[in-house]
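What follows is a set of notes on a single structure, which appears directly below.
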Amino acid sequence: MTEETKDAEREVEVQGDEEREMDWKAVNEELQGRIAQLEESIASRDRELAAFKDSLAGAVAKYRAAVMTSAPGVPEELLKGETVEEIEASLELAQGIVAKVRQQFESDLAARSVPAGAPPRTPPDLSALPPGEKIAYALARQQT
């Protein structure tokens, strides 16, 4: 091989390397563009997700307020939760607690209750009187 053919081969080889490098640069730029698109898409989805979370939190707060309105006997402190399911579960638990306390209170109240008004009048016990006094008592009652 002559010097000229060697130089020509090296030049073809260098040109091939340059073409491959250009191809890699084009692929790299294309991939960088795609990465930027995907990052923007992710950021957009993150914003949408945050908006949905805010909306859900508002809806759950309104649901909690509606539940409190519909169950006035349940203390607000017993109604907890960040989701509708958690609020419903805590409502059931709170209603059970309120029912148990109410039942205990009513049974305590019934045990301590005193009838209203005076007790009914009972006739005097005449069983201890001798027969003569019983007769005198009966005659005295007939005359009045």
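Quick note: the coordinates plus some simple rules give every number you see, no bench work behind them. Here the structure is a predicted model, which is why all the values come from computation and not from measurement.
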Cα Rg, Dmax, segment 40-144, angstrom units = 34.1, 116
So which lysines pass the test for residue 80, namely a Cα distance under 23 Å, with those fewer than 8 places away in the same chain ruled out?
-> 53, 62, 100
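Quote to one decimal, in nm, the extra length available between residue 125 and residue 113 on full extension: 0.36 nm per residue of separation minus the C-alpha distance between them.
Numbers: separation 12, 0.36 × 12 = 4.32 nm, distance 2.78 nm.
Here the segment from residue 125 to residue 113 would lengthen by 1.5 nm.
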